[in-house]
Amino acid sequence: MEVKKDNKIFVTKSYMPPLEEYMEYINKVFDNAQLTNGGPIVNKLEAELRDYLKVDNIQYVTNGTIALQLALRALDIQDGEVITTPFSYVATTSAIMWEKLKPVYVDIEPDNFTIDPKKIEEKITSKTKAIMPVHVFGYACDVEAIQKIADKHDLKVIYDAAHTFASIYKGKSLASYGDISTLSFHATKLFHTVEGGACIIKDETVKKELDLMKRFGHNGDEHYCLGINAKQSEMHAAMGLSILPHISEIIDKRKQICNLYDSLLQGFVVRPKVQRDLEYNYSYYPVVFKSESELLKVFEALNKEEIFPRRYFYPSLNMLPYHNDYHACPVSEDIAQRIACLPLYPSLDLDDVQRIANIIIKNIGK
Ligand SMILES: *Cc1c(COP(=O)(O)O)cnc(C)c1O
């Protein structure tokens, strides 16, 4: 029986490498019969990522959320407050809270949705231990201003860099700033290993600590520290190794789609401003509508055509129902009400981009 092709268009679609390239690595795994515990495929992926991102210390782990939690642990951030952004995926906040730390929200810049450094200092108290900003959608935080504040108040900086793979800022990887930057290699991200993540670590000692922590805190019979299991498998690393050689064609294709959206939608929706010093990775295509009702009207029309954009990110994280106090972040709350990401993935047809833009334009006024 013939399987009917599914014509639904979602906000993203996982990139699948050529099967034979993936199978080359899988064959090696079968030959080695080592599936995990820092095998040769994991080590090779770590080495290739180090080269590609031009960073010294990288630790490949099971996902981007545990990467954030390990970063907090390895930097010894306990019992206190972490300054963070309300405009992100929920994992940024949940990683902080899961570690029994308190997230303190600082509102965002309206132009690129990253944390507003001018508003950070007023939120610093004697309990503040760290700042956890997010390069949301791959746009760069004001890394210099943030580092200046961190130095002045002796705070650690952990960037949630889940969206920044391949972004270059001021000549170096956007994922190389701060004490630690964390990446997510989840199936829906620009670069993926099915599930996976990484910590990029400035300090060699912290890197060694984190390396122990991700494998139960011990080396053979020698137990050094409290650990957890965040080791990644050879099968996952194989996916990464077979995708990495295709990364520039993936980004080129995304860029082409983004440029077409830009030319069609100009004047109809508001777009973030990309910083001059940023080589952007085209990881997302966020658009801001005039109002939530306009967004909902567009969604209804798109959904009728089996096109499913997503409300990234909604709600603003300071509004999560499991917070027991409310701290206003008016810019983030406003943007979260009326922002969405349009479908964007390398295999998305340019005719479909045209169709999506037409539906949007038909349903909103200039
Ligand atoms: C995807 C994502 C994460 C979580 O990564 P996982 O690998 O899914 O655990 C964290 N932060 C942000 C901003 C993300 O988009």
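The values are calculated or read from the model by the stated rules, or taken from the named source; none is laboratory data. If you're wondering where the values come from, they're calculated on a predicted model, not measured in any experiment. Positions of Cβ are generated from backbone atoms using ideal geometry, with glycine treated the same way; all protein chains shown enter the neighbour counts. Note: accessible area is taken over every heavy atom of the protein model, side chains too, but ligands, DNA and RNA are not part of it. Shrake-Rupley method; radii C 1.70, N 1.55, O 1.52, S 1.80 Å.
Points worth noting:
- Note on surface exposure: PHE299, PHE216 rank PHE216, PHE299 by accessible area, highest first, 1.4 Å probe.
- On the chain, 51 percent of the accessible area sits on carbon and sulfur atoms, based on a 1.4 Å probe.
- Once the Cβ-Cβ distance of GLN256 and LYS123 is raised to the sixth power relative to R0 = 51 Å, the FRET efficiency obtained is 0.80.
- When the chain is treated as a Gaussian network with alpha carbon springs shorter than 10 Å, the biggest mean-square fluctuation among ALA166, ALA340, ALA145 belongs to ALA145.
- You can think of it this way: the chain between LEU35 and ALA301 has 91.1 nm of extra reach, that is 0.36 nm per residue less the Cα-Cα gap.
- Environment charge of PRO286, counting only residues whose C-beta is closer than 13 Å and scoring Lys/Arg +1, Asp/Glu -1: +3
- Of the residues VAL42, VAL270, the one with the largest accessible area comes first in the ranking VAL270, VAL42, computed with a 1.4 Å probe on protein heavy atoms.
- Its Cα gyration tensor gives the stretch 167-235 an equivalent ellipsoid; the semi-axes, largest first and in whole Å, are 25, 18, 7.
- Pair ASP154, LEU320: separation of 7 Å Cα→Cβ label points (nm): 2.9
- Relative to its residue count, the stretch 246-363 spans a Cα convex hull of 142 Å³ per residue.
- Radius 15 Å from Cβ of GLY240, net charge of other residues (Lys, Arg +1; Asp, Glu -1): -2
- Surface per residue (accessible, 1.4 Å probe) for the chain, Å²: 47
- The three principal axes of the Cα atoms in the stretch 19-244 give end-to-end lengths of 58, 42, 28 Å, sorted in falling order.
- GNM flexibility winner over the chain from THR114, THR62, THR125 (Cα, springs under 10 Å): THR125
- Ordered from highest to lowest accessible area with the whole protein assembly present and a 1.4 Å probe, ASP111, ASP252 read as ASP252, ASP111.
- The simple spin-label model puts a point 7 Å past each Cα toward its Cβ; for HIS327 and LYS54 those points are separated by 3.6 nm.
- Residue of LYS214, LYS156, LYS28 that the Gaussian network model of the chain assigns the largest fluctuation, springs spanning Cα pairs under 10 Å: LYS28
- Simple spin-label estimate for MET97 and VAL194 in nanometres, 7 Å along Cα-Cβ: 3.0
- HIS236 - accessible surface, heavy atoms, 1.4 Å probe, Å² rounded to 10: 50
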